[in-house]
Amino acid sequence: MNLLHPPFVHFVVALPVVALFSQFTFLVTKDKSYSKAAFRIIAFAFLVSIFAVLGGINDAQRIMEDNTILQEGVAFLSSHKTFGFIVVVALFATTLTKWFAISKESALLENISLFLIIVTLLGALYQGRSGGELVYRYSAGIDSEIVIQRMNEQNLK
């Protein structure tokens, strides 16, 4: 199964980590280039998150149509989808706040940006763990023959 979602989500998890280090460096050194770098990085994470969500919606539809998920995972897939939208909104809010912090040269907004980057990073990490659980626990997107084999193994237990 050729999935669109996985290549994008890795950036959504990794880029906020880099933005966090850049923001910390700015707060310590007061060098504005680090603040601008954090903005660019978090803005790119936001843009990539849109592709991750669009890919996720497409992949979820294919997974449901092809029945390549254990039945217990369907509700989990739905909550993963909902939380994905929350992460995108958090990335947007973080990007916007960071932009205002740079535009207004506001120390308060820079500190709020740091907090939002941390919250967004934690949300993305949770979402990544949730996606892994969909694949490894509920067989989402795994070939149907393997899913049938796993279902038979579960029924034997």
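Here, each number is a calculation from the coordinates, and none is a lab measurement. For clarity, every value in this text was computed on a predicted model and none was experimentally measured. Glycine gets a Cβ as well: all are built from the backbone with ideal geometry, and neighbour counts include every protein chain shown.
Miscellaneous remarks
- Against the main long axis of the alpha-carbon atoms of the chain, helix 5-29 sits at an angle near 20°.
- Length added when fully stretched, Asn152-Val119, from 0.36 nm per residue minus Cα-Cα: 7.8 nm
- Ascending count of other beta-carbon atoms within 10 Å, so fewest first, for Ser49, Ser22: Ser22, Ser49
- Distant-in-sequence amide H partners of Thr68 (H built 1.01 Å from N, under 5 Å): Gly141
- Folded to 0 to 90 degrees: helix 107-136 orientation relative to the chain principal axis, Cα: 10 degrees
- Annotation: the residues Arg62, Arg129, sorted from fewest to most other C-beta atoms within 10 Å of their own C-beta, follow the order Arg129, Arg62.
- Rg/Rg_ref, region 26-96, where Rg_ref = 2.2 N^0.38 Å and atoms are Cα: 1.52
- Taking all Cα pairs closer than 8 Å and separated by 6 or more residues, the relative contact order of the chain comes to 31 percent.
- On Cα atoms only, tilt of 32-66 relative to the major axis of the chain in degrees: 20 degrees
- Global size of the chain as Cα Rg and Dmax, reported in angstrom: 18.6, 63
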